[in-house]
Amino acid sequence: MRKPEANAIALCPVCRQPMRPTSEKCPSCGAERHYGPRILESAVCAFAGMVLLAALSTLLLPISLWTIMFAAIGLVAGFLFSHNRFSGDRWLK
């Protein structure tokens, strides 16, 4: 049997086994191509941004309406950071 042409196959980035270049899931190891952040990554980054900016505002000012505003800004900043950090396509097992 003839081997496939070099441009007809690609190697899985996780297990290095041959697979189709257009495939979204590796048939040998089960790794999947994923675009953008997962829900857990977005939630962790948003929560971390909220806590960090709220703590920073508490260090500068006593707890007040500013603390809530800084927490909301941190929540949005953390969410945007996660979308920037995990924006490309990745292979996740």
Legend entry - Distance histogram in 10 Å bins (all Cα pairs of the chain, percent per bin): 16, 28, 20, 15, 12, 7, 2, 0
Inset, instruction - Mind pulling the angle between the C-alpha long axis of helix 39-60 and the longest principal axis of the chain? Nearest 10 degrees, somewhere in 0 to 90. - result: 20
Inset, instruction - Could you state the angle between the C-alpha long axis of helix 65-85 and the longest principal axis of the C-alpha atoms of the chain, as a value from 0 to 90 degrees rounded to the nearest 10? - result: 10
Inset, instruction - Which order do the peptides 50-58, 34-42, 16-24 take when ranked by the mean count of other beta-carbon atoms within 10 Å per residue, highest first? - result: 50-58, 34-42, 16-24
Inset, instruction - For the range 42-85, would you read off the P(r) tail past 17 Å as a percentage of all alpha carbon pairs? - result: 27
Inset, instruction - Rank these by accessible area, largest first, 1.4 Å probe: F70, F79, F47. - result: F47, F79, F70
Inset, instruction - Quote the accessible area belonging to C29 in square angstrom, nearest 10, computed with a 1.4 Å probe and with ligands, DNA and RNA left uncounted. - result: 30
Inset, instruction - Name the residues whose placed amide hydrogens come within less than 5 Å of the amide hydrogen of H34, ignoring near sequence neighbours (fewer than 5 apart) on the same chain. - result: R90, W91, L92
Legend entry - Probe 1.4 Å, all protein chains present, accessible-area order of K25, K93, largest first: K93, K25
Inset, instruction - Could you list, by residue number, the cysteines of the chain that have no other cysteine's beta carbon within less than 4.7 Å of their beta carbon? - result: C45
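The values are calculated or read from the model by the stated rules, or taken from the named source; none is laboratory data. Because the structure is a prediction, the values reported are computed rather than measured. Note that each Cβ is placed from the backbone with ideal geometry, even for glycine, and that neighbours are counted across all protein chains shown. The accessibility values were calculated without ligands, DNA or RNA, using every heavy atom of the protein model including side chains. Shrake-Rupley method; radii C 1.70, N 1.55, O 1.52, S 1.80 Å.
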